[in-house]
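Below is one structure; the comments refer to it alone.
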Amino acid sequence: MTAAFVLTKSRAKVDVYEASDQVGGLSRSLHLWDQIVDLGPHRFFSRDRRVNSLWLEVVGRDYVMVPRLTRILYRGKYFQYPLQAMDALQRLGLLEATRCVASYGAARFKQQKDCSESFESWVTNRFGRRLYEIFFRNYSEKLWGIPCSELDSDFAAQRIRKLSLGAAIKQLAVRPQKNKHRTLVDRFAYPNGGTGAVYERMAEMVNERGGSVHLGAPVKRVVTASGRVRGIELYSGNVVSCDDVISSMPLSSLISRLNDAPEHIREDAQRLTYRNTILVYLEIAGEIDSRDNWIYVQDPGLTVGRITNFRNWSPSLYGDSPNTILSLEYWCDSGDELWHRSDHELVCLGASEFRASRLASDGANVLRSHVVRIPRSYPVYQRGYKDILRPIQDFIRNVEGLQAIGRYGAFKYNNQDHSILMGILAAENVAAGSAHDLWQVNSDFDDYQEACRIEETGLVPAPC
Ligand SMILES: Cc1cc2nc3c(=O)[nH]c(=O)nc-3n(C[C@H](O)[C@H](O)[C@H](O)COP(=O)(O)OP(=O)(O)OC[C@H]3O[C@@H](n4cnc5c(N)ncnc54)[C@H](O)[C@@H]3O)c2cc1C
């Protein structure tokens, strides 16, 4: 949607073909029981001026600043997230805290050799084995479905960069009144109509500017000849000629839909793996006495990975409803038994795990439920995945007029801001003949970013 939104500012003729009946993809919003919900938590955040400006251009003033509170549930206790040394050590108790600090000291002393490789060694080297096992292993293995020793450290580098227990322990020495950062409230801008409103609005603006957004129009084939894009074929049988295709369908699907992709590239693409998400929505009578936007569930006894409380996002989501909607996230592969459970079985699991989380009092009443299954919601950064990806990237680079962008589209563990940036850059490559290397977005260190953030008053510069 972003690429189309930017391209319609030029004289390009733009058509968007969307397989489903709604734009927004994983960032779409749903209307449920007179309320609006997202697919799990969707906090928008970027330090990139281009991304933030575009977001504001679309949303205008129709957003609120939401205070962020997220915590970790571990063995019945709630820990602050991101982890804070004092809080974690206090809640773990003296004995466990001593073990954690000793284990951290041992890790500092003896760094593991393959620290550039696996998620396990990356985290262990920074936090120590004990904290890794308490706060990282269980959750990460739930999410990715593979042992952390098999997971590439890219995931850690992208999501838990700049955290270190060493720095945190140093903070303990700082007297609270001198530590200004302790009182800073983390806030984020959130559109009043839900996250999906951003993309719905983009679609409206694309249509108003002469582009067309075709819903329920899955692409069957990308037509190429002599190393360049010629058009696309839809499942309806229509073939549409065009000069450029910007694809955000799963990378493996794109490769299988390219008529002249060589066999070894097709085989490589099939080796890329994705994780599925199941969302169990529960409507709970009344309000819940908790301010968390979402909770990471690290408790080994629970299958659920994350619980989102939409009542703590924006009043515009719940309107006049007195009730609370929660979503419980479960992750699995397509072959897993969990993926094939009936809605009824999933709702029973969700309701019992909601009770076990003790997020609400024992008497909390579940009124209604809804299940959403999302295939291929997470690209899995299994160790060695970059070696599989490289020849695929090279192949796509050599097809003139073809660009692959987005989360599963480019096989990148993107947040919205990364996918928006990829859309902006892809559009510039088409409209202005720029030569942005899209594979570099959300890789290593995004140091091209000009730091800024969205505040109540709009865009403000922020210190790096
Ligand atoms: C549970 C969860 C929580 C998240 N939380 C956050 C968060 O807090 N903050 C944040 O910024 N991001 C979050 N994200 C990530 C965010 O949702 C994604 O980064 C973003 O939606 C990716 O956008 P995209 O356009 O790259 O891909 P998608 O949103 O996956 O969109 C791809 C689109 O392509 C369409 N498509 C697929 N195949 C075809 C085909 N053959 N023909 C035509 N159309 C096709 C799909 O229907 C879909 O609409 C979260 C994601 C999940 C799953």
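The values are calculated or read from the model by the stated rules, or taken from the named source; none is laboratory data. Note that this is a predicted model, so its numbers are computed, not measured. So basically every Cβ, Gly included, is an ideal-geometry build from the backbone, and we count neighbours across all protein chains shown.
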Checklist entry - In segment 250-260, which residue that is surrounded by fewer than 21 Cβ atoms within 10 Å (Cβ to Cβ) and not in a helix (DSSP H, G or I) is farthest from the ligand (Cβ to nearest atom)? => result Asp260
Item to check | Restricting segment 230-249 to residues that are of a type in the set (A, V, I, L, M, F, W, C) and out of contact with any Asp or Glu (no Cβ under 6 Å at 6 or more places or on another chain), the residue that is nearest to the ligand (Cβ to nearest atom) | outcome: Met249
Checklist entry - Does Thr303 satisfy the condition of being assigned to a loop (DSSP other than H, G, I, E, B) and in contact (Cβ under 8 Å) with a residue 24 or more places away in the chain? => result yes
Checklist entry - So is Arg291 part of a strand (DSSP E or B) and over 22 Å from Ile396 (Cβ atoms) or not? => result no
Checklist outcome for this item: Screening Tyr81, Tyr17 for residues that are within 30 Å of Ser253 (Cα to Cα) and of a type in the set (Ser, Thr, Tyr) leaves only Tyr17
Checklist entry - Somewhere in segment 86-108, is a residue touching a residue at least 24 places away in the same chain (Cβ under 8 Å) and within 16 Å of the ligand (Cβ to nearest atom)? => result no
Next on the checklist: For segment 105-126, which positions are at pLDDT below 85 and among the aromatic types (Phe, Trp, Tyr)?
Outcome noted: Phe109
Checklist entry - Taking Leu402, is it in contact with a helix residue (DSSP H, G or I) (Cβ under 9 Å, 6 or more places away or on another chain), touching a residue at least 60 places away in the same chain (Cβ under 8 Å) and crowded, with 17+ Cβ neighbours inside 10 Å? => result yes
Checklist entry - So, of the residues in segment 396-417 that are more than 8 Å from the ligand (Cβ to nearest atom) and of a type in the set (Gly, Ala, Ser), which turns out to be farthest from Gln440 (Cα to Cα)? => result Gly401
Checklist entry - Going by the structure shown, is Arg50 more than 20 Å from Asp292 (Cα to Cα) and either polar (S, T, N, Q) or part of a helix (DSSP H, G or I) (or both)? => result yes
Checklist outcome for this item: Expected output for segment 17-35 (first residue at positive phi, partner assigned to a helix (DSSP H, G or I) and surrounded by 19 or more Cβ atoms within 10 Å (Cβ to Cβ), Cβ below 6 Å, 6+ apart or cross-chain) is Gly24/Gly196; Gly24/Tyr199
Checklist entry - Is one or more of the residues making up segment 56-64 surrounded by fewer than 22 Cβ atoms within 10 Å (Cβ to Cβ), more than 19 Å from Leu317 (Cβ to Cβ) and in the same structural domain as Glu455 (by TED's automatic domain parsing)? => result yes
Checklist outcome for this item: Checked pairs for segment 1-15, first farther than 13 Å from Leu421 by Cα, second in a helix (DSSP H, G or I) and within 16 Å of the ligand (Cβ to nearest atom), C-beta under 7 Å and 6 or more apart or across chains, list as Leu7/Ala427; Thr8/Val206; Val14/Ala4; Val14/Leu7; Val14/Val206
Item to check | Subset of segment 44-79 [within 30 Å of Ile134 (Cα to Cα), in contact with a helix residue (DSSP H, G or I) (Cβ under 9 Å, 6 or more places away or on another chain) and of a type in the set (Lys, Arg)] | outcome: Arg75, Lys77
Item to check | Subset of segment 276-287 [assigned to a loop (DSSP other than H, G, I, E, B) and either within 16 Å of the ligand (Cβ to nearest atom) or crowded, with 19+ Cβ neighbours inside 10 Å (or both)] | outcome: none
Checklist entry - Does Ser20 fit the bill of being among the small types (Gly, Ala, Ser), within 28 Å of Leu459 (Cβ to Cβ) and under 22 Å from the mean Cα position of the chain (by Cα)? => result no
Checklist entry - Only one of Ile420, Ile424, Ile454 is assigned by TED's automatic domain parsing to the domain that holds His42, within 13 Å of the ligand (Cβ to nearest atom), surrounded by 14 or more Cβ atoms within 10 Å (Cβ to Cβ) and over 29 Å from Arg275 (Cα atoms); which? => result Ile454
Checklist entry - Does Val460 satisfy the condition of being β-branched (Val, Ile, Thr) and part of a strand (DSSP E or B)? => result yes
Checklist entry - Can you name the residue in segment 361-387 that is in contact with a Gly (Cβ under 9 Å, 6 or more places away or on another chain) and away from the ligand (no atom under 16 Å from the Cβ) and is also modelled with the highest pLDDT among such residues? => result Ser369
